1. Please label the shape of segment 267-349 as rounded, prolate or oblate, based on the square roots a ≥ b ≥ c of the eigenvalues of the alpha-carbon gyration tensor (a/c under 1.5 means rounded; beyond that, a/b larger than b/c means prolate, else oblate).
2. State to the nearest 20 debye the size of the charge dipole of the chain about its Cα centre, where the only charges are +1 on K and R beta carbons and -1 on D and E beta carbons.
3. Using per-residue counts of other Cβ atoms within 10 Å, averaged over each peptide, order 513-522, 618-627 from highest down.
4. Taking the Cα centre as origin and putting +1 on Lys and Arg beta-carbons and -1 on Asp and Glu beta-carbons, what dipole magnitude results for segment 156-278, to the nearest 20 debye?
5. With a ≥ b ≥ c the root eigenvalues of the C-alpha gyration tensor of segment 460-561, is it rounded (a/c under 1.5), prolate (a/b larger than b/c) or oblate?
6. Could you point to the residue in Ala281, Gln144, Cys74 farthest towards the positive end of the chain's charge dipole, with +1 and -1 charges on the Cβ of Lys/Arg and Asp/Glu respectively?
7. Taking the highest mean first, how do the peptides 308-320, 232-244 order by number of other beta carbon atoms within 10 angstrom per residue?
8. Among the GluC sites (Glu not before Pro) in segment 102-201, which ones are in a DSSP loop with at most 14 other Cβ atoms within 10 Å of the Cβ? Mind listing them?
Amino acid sequence: MTLGDIKGIGTKRIEKLNKAGFFTPLDLLSHFPVRYIDARSDTVLAEAEDGAEVVVTGTPSDVPSVRYVRRGLCMVRINLFTLSGERVSCTWFNQKYIVSRLHGTITVAGRLERFRSAMSVKAPTLVEKGGIVPVYSPIKGLPQSVFSDALKQVFSRVRVKCMLPDGIRREYGLMDHDRAFRILHYPTDTQTLDEARRTIAIDRLAFELTGFRIAKSRSKVKAHSYSDKTRELEQFIAKLPFTLTADQRKALNEILADMLSPSPMNRMLQGDVGSGKTIVAFLAMYFACLNGYQSAMMAPTEILAVQHYKTALKLFGDTGIRIELLSGGARKKRKDEALFNIRSESAQMVIGTHALISDGVRFNSLAFVVTDEQHRFGVSQRGAFENKSEAADCLVMSATPIPRTLSLIYYGNLDQSVIYSAPRGKACVRTKLVPASKRSAMLEYVRDKAAQGEQTYLVCPRVESDEKLVSAEALFGELSRTDLAPYLGLLHGQQNDEVKRQTMEDFYSGKVKILCTTSVIEVGIDVPAATTIVIFDADRYGLSQLHQLRGRVGRGSVDSYCFLFSDVASAGERLKYFCSADDGFALAEYDFRMRGAGDFIGTRQHGGAALDMNTVTAAKNISDRLFGDADYVQSVVAFTGDYTAAYLKSLALN
């Protein structure tokens, strides 16, 4: 069976599905819900806390109102009288089609918001009363109704089988695989749903852990070898204007030992923001260059790539090493010149963005690759970068490991180096939750800091105006009409490259004191005079992203502040923990407990499977047994080059 055999999915939709990473009917079946809504009974609103998930049944009290806020944004609003006689308002954005469904008795699910005596359901979803409703992340190019119909067609024609031995499956109480898949998409009760999620989680994790171990036991021998150039490296380190910390020294020695070994390195360098990871990576890249090989570093944004490029020029400008910058925003003539230098090996150290993984990029003798801020790249992107050279030494860096990475460290696929100590003189950063009522006082504080020569980031979750969220452009426009105007600058990802470069230059130089921006400044931006960061709608960000944003201040010697604005009560516990924790690894462990270890087989970084520690332990025990079974190892060894394909191939559709 192929995607083309599914009624309703034609050539154009297949092309869109392929772009989204769906190539077979099994890919569709493996697109599991991100969450479930239990609509079997209504929530007692009088007992529900503000911000809680609720299910409400009732009848509209009047005809739905449709209002156009601006071009491209409309609102549909109703007042719902519940079966218990309460009044709740519901508002849908850009869903005018929903008007035809807002009649008679309806059931909605969403987040409860209270304001004085009024109640509303935020982001309401119409659901069928009486069941457990799966909620999926959207697939670009495939309407939800088409996806739902496709699932039914595939399930009517196939059964899903698993390669996990029946004896182990029964011993650990795992479901029949086909039944587990069907329950995940069509749950009837929470108990069997939990069993199905556990089955898929254990199976996927056990298979991948085993695959990792097989791959590691059959590690390739490097296509290149290093001679011991540590003496030359030490001579360079002695000339640096600062002294490496003990942790930086230890991390560098571990990396160099891997580089000198016959097997390819696969190591993560973890250290808090501002702990000095980048200089360690640069020294390892320099070691590769001393041996006559190329090295490359990939950064997630052009702003950060340019900053790394400038830093490298300062560090290695007198060494004679040719450093090249490659980014997607470069002009064609400049890009062609960079590609030629990389291909001809006249560029020994290459720094760039996602452009480095383009098909047109050809290295001559690439031996060492670094992925900076690895949580910003997908699994496939990191793999494409690493595959630019056969059996290259690979280093990934992160201030806050995502749960998926954390779990792989636990089970040996990634070796780990940690920089615990911060460089001497690093400023303290205090994090505070601030209510919306303090907004005016906050802006007055920011103005006073600007007058004193200190700089501030005002971070917004949106670029353009949004009915519900603070946007960078709207905030910039508002503050431009106040006494903050002389200090303001605007930076976001939709600006052209020249505007972004000029704005950052003005901020670096101090011409701009207050920068209205988005998360485009999340990684690596180093402005020592920036002492305050204000994050609006902080509940919209993940912990790793908040930690990265917080890391933009406190990079000088002046103590700094990170202020979080959020009105969402349900985010309170998470944000309160963030305020109390300034250690990136502690945040990752908290994220691991809250979100799980991630979808180990797919490219998603979290969610998807119910991976608590008991599940992870069971999968680890199963992997131990599978790895010790020579026949099993032989049967899966062909799959270990591509773990996503491996898992899908291990499932049979018949």
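The values are calculated or read from the model by the stated rules, or taken from the named source; none is laboratory data. Bear in mind that the values here come from a model prediction, so they are computed numbers and not experimental data. With ideal geometry, Cβ positions are generated from the backbone for all residues, glycine too; neighbour counts draw on all protein chains shown. Surface accessibility is based on the protein's heavy atoms, side chains included, excluding ligands, DNA and RNA. Shrake-Rupley method; radii C 1.70, N 1.55, O 1.52, S 1.80 Å.
1. oblate
2. Charge dipole, the chain, about its Cα centre: 1100 debye, nearest 20.
3. 513-522, 618-627
4. On the way: 22 positive and 16 negative charges, 90 e Å.
So the magnitude is around 440 debye.
5. rounded
6. Working it through, the farthest residue towards the positive pole turns out to be Cys74.
7. The peptides rank, most packed first, as 308-320, 232-244.
8. The qualifying sites are Glu128.
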